[in-house]
Each structure stands twice: as C-alpha cells, then as structure tokens.
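Student: Have a look at the structure that comes next, please.
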Amino acid sequence: MRKIPPLNALKIFDIAARYKSFSNAASENHMTKGAISQQIKILENWFGFELFNRTANGIELTDNGSKLMKTCNLAFSVIEKQCEDLRKKSHTHNEIIIGCSSSLLSYWFLPKLYNFFSTDKQFVLNYNSQASFQSIINGEVDFFISGEKISNYNLVDCELLHKDEIGLVCSVEYRTKIFNNDIRDITLLHSQSRYSAWDEWSYLSNIILNVSDEIIFDKLSLALDAVKLNLGVTIAPKFVVENDINKGLLYAPFGFLNCSSGTYLYTRNNLSNDKKIIIDKIINKVKS
C-alpha cells in the first residue's frame, strides 16, 4: 500500500490552496465550508503540521502548505494529462477526424454531406477547422482537405479532388450594377487564403474592373457572407459556391475559368479498413 494521504483530502487541499478560500473550494465541490475544513484537518493530522494559517481575513498557506501545493499541481497535472490521453485513445476506434477549413466546411463539405450517415452507425465524424498538413503527419486527423499540393510523405496518400475553376461572384444587386456598366463603386472582397485569386482571374478572363475599394477577410467564407450583404464582389472556386448559385443566393456574371490551383485530399494510409471504407463513402458523396 502506498504511504500517501487520502486522495480526496489532497484534491480538496489543491482547490482551497488555489482559491485561498475554504468558501470558494466548498462552492466548486458542492460541499459545505465545514466539510472542507474537516478534509483539510484530516490532511494536517496526517502530516502532523498545519497547511494553512487561519486569520480574521481568511487563510494563507504556510511554508509547508506552499510546498505541498506545488507538488499537488505537478501530480494532478500529470494525472489529468495521462487520463485525457487515454480517454482520447479510447475513442479513436469509432471516430473519424476530418481536417478542413471552415470555409470549405460551411460552403461545400457539410452541404454535400446532408443526410449522410454510416449504415452501421459505427463512426462519429469530428471536424477540425484549425488543422494543417502537420496535423495529419502527427496523426491528429484521419484525412485533410487543402488547396496546397504537398507530396512525398510515406504515411500520407494524396488525391486531387477538384481541378479548380474560379470566377467572380456577386449578389443580384451587384449583377445589375455590373451589367449596367455602373462599375465605379465596386468593392473587391479578398480572402487571405486566396489573396492572389483576383490577379489570376483578371489575367485568365482579360476583364478589368475599376475597383474603388478593397476589404480583406481572413477566411473565404467571410468574404462570401459579405458578398451576400451586397458589400462587394469576390473570386471563388466554382465547387465552393455552386450550391449557393443554384439557390439564387450568389451569381457568377462571367462564369468560371480553369486555373492553376486544385483541392487535394490527404489521407493517412495506416488507417483501419473500416475507416477507409467510410472515408471513401464520404469523399464519393462530396465529389458527387
């Protein structure tokens, strides 16, 4: 048997020491202040010395109390980290983690997956919009969708999902403005992730619009939302905006043109066969 004090008393002490208050510790643990004091007393009896100085203004840690607090912080942090790691590992067998930008998720991926489910309900889909290519290298996601072409990694398979077509998109109001040649007040809405798209589209289309103002957004989805609010026009891939164009929410007055960029799927090649089957179904669904 390990020669350590009661763990519950140590847990109560750790909370009381952090708050420097028995009352706050009682509130967090849904206990009475008297019950907190009793647990601290059990601990002090075990050690044979006081851990807190009780004053009229509250409590203060003794020197020994401060040393114990540091030990508890370290020990509980290690336990918390290991328990969380074990808990995550226990869920990896029935979870598919998808790395994809929030713009692609909201405008393309999730609408395409409407009503999608695995027949046996075996897997849960978990989306990570902050993922990067390094995330799939580290095993943090099962597959990753990106506009960046990366190759020559042994543990990752790469597949081209879309050869991009880009076009200028606008709202109905802006469509009227463009076709009426009232283009003096056009505002261009950039996304940082595709900042060069405007120059590429201008080169491919040989169309020059007199842009009076520019606004930069950190995500394409925000630029597209601003387009719907009649704040300006932006350049977007066809597969991202096709759904909203079909609904009449967006309009592409000059159509779409083939460009040099593409959208790629990166998949860990050490996944279980069951996961690979579900991922194939997902990708076939979003490509349809």
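Student: Using the Karplus curve 6.51 cos²θ - 1.76 cosθ + 1.60 with θ = phi - 60°, work out ³J(HN,Hα) for each residue of region 227-236 in order, rounded to whole Hz, and write x for Gly and Pro.
Tutor: 4, 5, 8, 6, 8, x, 10, 9, 9, 9
Student: Quick one: of 112/219; 112/228; 228/275, which pairs are farther than 30 Å apart, Cα to Cα?
Tutor: Pairs exceeding the cut-off: 228/275.
Student: Take every Cα pair under 8 Å in the chain that's 6+ residues apart, average their separations, divide by the length, and report that relative contact order as a whole percent.
Tutor: So the answer I get is 20 percent.
Student: Quick check: convex hull over the Cα atoms of region 1-113, volume per residue in Å³, rounded to an integer?
Tutor: It comes to 186 Å³ per residue, whole-number rounded.
Student: Now, a different point. How long is the gain from residue 2 to residue 203 if the chain were fully straight, where each residue apart is worth 0.36 nm and the alpha carbon distance is subtracted?
Tutor: 65.0 nm
Student: Please compute, for the alpha-carbon atoms of the chain, the extent along each of the three principal axes and give them in descending order in Å.
Tutor: Principal axes ranked by extent give 86, 49, 35 Å for the Cα atoms.
Student: Taking the Cα centre of the chain as origin, work out the dipole magnitude from +1 charges on Lys and Arg Cβ and -1 charges on Asp and Glu Cβ, in debye rounded to 20.
Tutor: Dipole size: approximately 1060 debye.
Student: How many Å² of accessible area per residue for the chain, probe 1.4 Å?
Tutor: Heavy-atom SASA per residue in the chain reads 58 Å².
Student: If I model a spin label as a point 7 Å beyond the Cα along the Cα-Cβ vector, how far apart are those points for residue 159 and residue 230 in nm?
Tutor: Going by the 7 Å Cα→Cβ label model, 4.4 nm.
Student: Follow-up. From the phi angles alone, apply the Karplus equation (6.51, -1.76, 1.60; θ = phi - 60°) to region 251-263 and give each ³J(HN,Hα) in whole Hz, x where the residue is Gly or Pro.
Tutor: Computed from phi, the couplings for region 251-263 are 9, 10, x, 10, x, 10, 10, 4, 10, 7, 8, x, 10 Hz.
Student: To continue, here is another question. Figure the gain on full extension for residue 30 and residue 281 (residue separation times 0.36 nm, minus the Cα-Cα span) and round it to one decimal in nm.
Tutor: 85.6 nm
Student: Also: How many percent of DSSP beta bridges within the chain run antiparallel, rounded to 5? Provide the component values of the computation, followed by the final result.
Tutor: Numbers: 22 of 36 bridges.
Here the share of antiparallel DSSP bridges comes out near 60 percent.
Student: Another question, then. Report in % the part of the accessible area of the chain that belongs to carbon and sulfur, leaving out ligands and nucleic acids; probe 1.4 Å.
Tutor: 50
Student: What net charge is computed for the residues neighbouring residue 54, neighbours being all others with C-beta under 13 Å from the C-beta of residue 54, Lys and Arg scored +1, Asp and Glu -1?
Tutor: Summing Lys and Arg as +1 and Asp and Glu as -1 gives 0.
The values are calculated or read from the model by the stated rules, or taken from the named source; none is laboratory data. Every value quoted in this text rests on a predicted model; they were computed, and no experiment measured them. Virtual Cβ from ideal backbone geometry, glycine too; neighbours counted across all protein chains shown. Keep in mind that these areas ignore ligands, DNA and RNA; they rest on the heavy atoms of the full protein, side chains included. Shrake-Rupley method; radii C 1.70, N 1.55, O 1.52, S 1.80 Å.
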